[in-house]
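What follows is a short report on a single structure.
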Amino acid sequence: MRSAKDFFAPLAVGAPAPLREIPARPSRAIHFFDPSNEKMAAKIPAMVGTVDVLLGNLEDAVKAENKEKARAGLVTIGKNTDFGMTQLWTRLNALDSPWFLDDVTTLVTEIGDKLDVVMIPKVQGAEDIHYVDRILAQLEAKAKLTRPILVHAILETARGMVNVEEICGASPRMQGISLGPADLAADRRMKTTRVGGGHPGYLVRADAAKGADGAYDFHGERTIFQQDLWHYTIARMVDACAMHGIYAYYGPFGDISDVVACEDQFRNAFLLGCVGTWTLHPKQIEIAKKVFSPDPKELIHAYEVVEAMGDGTGAVMVDGKMEDDASCKQCLVVVNLAEQLAAIDPDLKEAYAQAKATAQAKVKGA
């Protein structure tokens, strides 16, 4: 058993000290790219600043014969690109694959100073994070890095779902967790072949109406509501992440053409507490940035409550609604996110400044 006081000590001599708090950096869209695809890789420098996170994918979607090319391509991109405010992440190959050890050794020693987060697929329990934690510390010491590389786990197995709380608390490096709906669906034996999103068979149906004869018409027209297959999973993941001060993310939405359903799924995750999502195609980036940024209209109300509450105690009436310290805390979540995003997005900065000014004027005139 490790002593609590040792938890924030480096796991290797010369490694940087672990962080005591994970930075709240905007990460609305984690945009995946294949470093082995030269045409795709050539577009990366131009994408810097247009997306919060660029992620070089080494795992699924990269063929076995292209694994080494993808790794080398990511090293080249890392060395030759100034990422500015955009974060550079990578999804490594699975811990039980023949490529993981070379992935982590090469990337940390070659571009560890550029790499913000390593994403680990199919994490089963805390023991997987402990292994990654130790090896990262050793490689950071070897590369003489001055800041720790953070770890992001993907929730893709039933065992990982059961162990999600201990995974979140396994290391000070833990940055967050993403939902991996396709692999998780297969591991759970769910009967869906979709990558994320709902399913028309997962529904609730309104009660049958009575006919003129007083009998229920079970075959007549009845309202149907399609339900979210991932509600429980996302909610539990969000709770586990919030408990440990890290961040929850929705994962991939596989139907690139259905931008409407994609936006709906992203918004469900946002409302439940996720801070961002994966984007697999450029058209999903704008959807993610829109959904995971507070709506200026809602921000007006949030600012109005915060302004009216003053020191955050007591209760006030805003637009005919009673607001107290609990609702003020809710509004501060939205306000704080808006102010983080305004610092990196000029368009949002202007819209959010106007929302704040409108709220202040309403409170002053009340």
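Data table
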| read-out | value |
| --- | --- |
| Residues of region 12-32 satisfying the condition of being closer than 15 Å to LEU88 by Cβ and either surrounded by fewer than 20 Cβ atoms within 10 Å (Cβ to Cβ) or of a type in the set (A, V, I, L, M) (or both) | PRO23, ARG25, ALA29, ILE30 |
| Conditions (1) part of a helix (DSSP H, G or I); (2) open to solvent by 10 Å² or more (accessible area, probe 1.4 Å); number of the one not met by ALA185 | (2) |
| Candidates ALA61, ALA94, ALA41, ALA70 - the one that is in a helix (DSSP H, G or I) and surrounded by fewer than 22 Cβ atoms within 10 Å (Cβ to Cβ) | ALA41 |
| Qualifying residue in region 290-298 (condition: of a type in the set (A, V, I, L, M, F, W, C) and touching a strand residue (DSSP E or B) at 6+ places or on another chain (Cβ under 9 Å)) | yes |
| Residue within region 318-337 that is in contact with a Pro (Cβ under 6 Å, 6 or more places away or on another chain) and farther than 18 Å from SER27 by Cβ present | no |
| When residues of region 120-158 are limited to those that are open to solvent by 10 Å² or more (accessible area, probe 1.4 Å), of a type in the set (A, V, I, L, M, F, W, C) and not in a helix (DSSP H, G or I), the one farthest from ARG25 (Cα to Cα) | LEU145 |
| Residues of region 195-231 that turn out to be in contact with a His (Cβ under 9 Å, 6 or more places away or on another chain) and open to solvent by less than 70 Å² (accessible area, probe 1.4 Å), as a count | 2 |
| Qualifying residue in region 314-327 (condition: touching a Cys at 6+ places or on another chain (Cβ under 6 Å) and open to solvent by less than 40 Å² (accessible area, probe 1.4 Å)) | no |
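The values are calculated or read from the model by the stated rules, or taken from the named source; none is laboratory data. If you're wondering where the values come from, they're calculated on a predicted model, not measured in any experiment. All Cβ positions, glycine included, derive from the backbone under ideal geometry; neighbour counts span all protein chains shown. Surface areas here come from the heavy atoms of the whole protein model, side chains and all, with no ligands, DNA or RNA. Shrake-Rupley method; radii C 1.70, N 1.55, O 1.52, S 1.80 Å.
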